[in-house]
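The values are calculated or read from the model by the stated rules, or taken from the named source; none is laboratory data. If you're wondering where the values come from, they're calculated on a predicted model, not measured in any experiment. Ideal geometry is used to build each Cβ from the backbone, glycine not excepted, and the neighbour counts take in all protein chains shown.
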Amino acid sequence: MPERGCGTNVSPLDAWLAGRLPGDGGDLPARVRGAQLAALRRLLRYVTERSAFYAEHFSGRDTGLARPEDLRRLPFTEAGHLRDWRKFLCVSHSRVRRVVSLNTSGTTGPPKRLAFSENDLAATRNFFRVGLSELTGPGGRLGVLLPGGERPDGVADQLRQALASLNIAVESPPRDMTAHDGAGMHALAGWVEQRAFHCLVAAPGQLRSLFTFFPEAPKALRGVLSSADNLDPELGHALRSAWNCDLRDHYGLTESGFGLAVECAAHDGYHLRELDIAVEIVDVQSGVPMPPGSEGEIVITTLRHEAMPLVRYRTGDVASLLPGPCRCGSPMPRLGPIAGRLERKPGAPARLTRLLKGGYQ
Ligand SMILES: [Zn+2]
């Protein structure tokens, strides 16, 4: 059985990043920056040649980059653009492995969709493997509770493929147990108890419900990954203390290929998959880049997606980039917690719904 997780080792993402960089040794942030610049140059050539949307969007613009910051010269990609998702495609339909509709409740018009190739999904699996192998431990059992996780090519399937080589068994509950009602949660809690998982992947709402069934940790549990929604910091603290386990929060979007940033054991911000996704923080209204430590909208560029890469995509989520080393010892910048979400309506300023009181704490 894997040992209970502990300590504040440097985020395993650093070794993962370093292992993917050319050469060895040296200043990790500088090496990552160099690799991001090379990836951005490749990406801009790729999308302007292959994507009808970007050929038009960047038409007449200087897409040559001398440094990563030159990317700021290019216009944003907005969520509304994704209604024309076919114009973003850079590969033939036969190479699209999965198409996901974005949740756009309350809006009209064609659905916004994202397409992923097998390579795109594999890149996310690699990211998940790093974080979840540490939380679960080799040979352990991982329970994926996220609603809808069991659909074909869904998160449970991806994790099963990601973790098979580490002999980690991935299970998800029968469909009737994921109903978010009293009976569903009771059945889910019984299943969690019976399966004796070493790690759980669950949404914050599910964790809150499970907490009422388990004032102390379910047996064998050593790690929890909270995902799919904003984790209330108070719930995070309460669970960590009562369950005495390594509970980490994950932030990802469908647009980022699901995974984007994850906490380390030191809980000092969210470490990024910087070789796959470049992150900018910009002023909510003006779009001007914000300095490190200041809140603004998260803008992502998916550096290596091949089916439907996004360049300077406005996520609508608000956070800051945390400068300086992490408490775990990593020199890499991290994303702060999601402080709020933006709602945009045509002709009106963006409206911010705050999730954290008083901004980043
Ligand atoms: Zn860290």
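Evaluation of GLY140 against the conditions (1) touching a Lys or Arg at 6+ places or on another chain (Cβ under 6 Å); (2) closer than 25 Å to ASN244 by Cα; (3) crowded, with 19+ Cβ neighbours inside 10 Å shows that the sole unmet condition is (1).
Condition check ((1) within 16 Å of the ligand (Cβ to nearest atom); (2) at pLDDT 95 or above; (3) crowded, with 21+ Cβ neighbours inside 10 Å; (4) within 15 Å of GLY143 (Cα to Cα)) across all residues:
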residue: PRO174; (1), (2), (3), (4): no, no, no, yes
residue: GLY184; (1), (2), (3), (4): no, no, no, no
residue: LEU188; (1), (2), (3), (4): no, no, yes, yes
residue: VAL192; (1), (2), (3), (4): no, yes, yes, yes
residue: LEU207; (1), (2), (3), (4): no, yes, yes, yes
residue: PRO215; (1), (2), (3), (4): no, yes, no, no
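Just one of (1) surrounded by 21 or more Cβ atoms within 10 Å (Cβ to Cβ); (2) away from the ligand (no atom under 16 Å from the Cβ) fails for ASP283. It is (1).
Before we move on, is ARG31 exposed (fewer than 14 other Cβ atoms within 10 Å of the Cβ), more than 21 Å from the chain's Cα centre (by Cα) and either within 16 Å of the ligand (Cβ to nearest atom) or part of a helix (DSSP H, G or I) (or both)? So ARG31 does not fit the description; no. So MET308 ticks every box in (1) in contact (Cβ under 8 Å) with a residue 24 or more places away in the chain; (2) under 26 Å from ASN103 (Cβ atoms); (3) within 16 Å of the ligand (Cβ to nearest atom) but one. Which box is left unticked? Failed condition: (3).
Of all residues in segment 227-267, which are within 16 Å of the ligand (Cβ to nearest atom), within 8 Å of the chain's Cα centre (by Cα) and either on the phi > 0 side of the Ramachandran plot or not in a strand (DSSP E or B) (or both)?
So the first thing to find is which residues in segment 227-267 are within 16 Å of the ligand (Cβ to nearest atom), and the list is 236, 240, 246-251, 260-267.
Applying the additional criterion that residues be within 8 Å of the chain's Cα centre (by Cα) yields 250-251, 260-262.
Passing the criteria: only LEU260.
Among residues of segment 261-273 that are more than 12 Å from ARG327 (Cβ to Cβ) and hydroxyl-bearing (Ser, Thr, Tyr), those with a Cβ under 7 angstrom from a residue that is at pLDDT 95 or above and near the ligand (Cβ under 7 Å from one of its atoms), sequence gap 6+ or separate chain, pair up as TYR270/ARG334.
Please determine, by comparing only the residues of segment 325-351 that are small (Gly, Ala, Ser) and modelled with pLDDT of 90 or more, which one is surrounded by the fewest Cβ atoms within 10 Å (Cβ to Cβ). Lay out the reasoning, then the answer.
Looking only at segment 325-351, we keep the residues that are small (Gly, Ala, Ser), and these are 329-330, 336, 339-340, 347-348, 350.
Right, trim to modelled with pLDDT of 90 or more and you get 329-330, 336, 339-340.
Details: GLY329: 13, SER330: 24, GLY336: 23, ALA339: 21, GLY340: 19.
The selected residue is GLY329.
Can you name the residue in segment 286-306 that is among the polar types (S, T, N, Q) and assigned to a loop (DSSP other than H, G, I, E, B) and, of all such residues, is surrounded by the fewest Cβ atoms within 10 Å (Cβ to Cβ)?
Of the residues in segment 286-306, the ones among the polar types (S, T, N, Q) are 286, 294, 301-302.
Now restrict to residues that are assigned to a loop (DSSP other than H, G, I, E, B): 286, 294.
On the way: SER286: 9, SER294: 14.
The residue in question is SER286.
What's the total number of residues in segment 345-355 that are free of Cβ contacts under 8 Å to residues at least 60 places away in the same chain and of a type outside the set (Ser, Thr, Tyr)? Of the residues in that region, 6 qualify. Applying the set (1) farther than 17 Å from MET308 by Cα; (2) without any contact (Cβ under 8 Å) to a residue 24 or more places away in the chain; (3) in contact with a helix residue (DSSP H, G or I) (Cβ under 9 Å, 6 or more places away or on another chain) to PRO68 leaves exactly one unmet item: (2).
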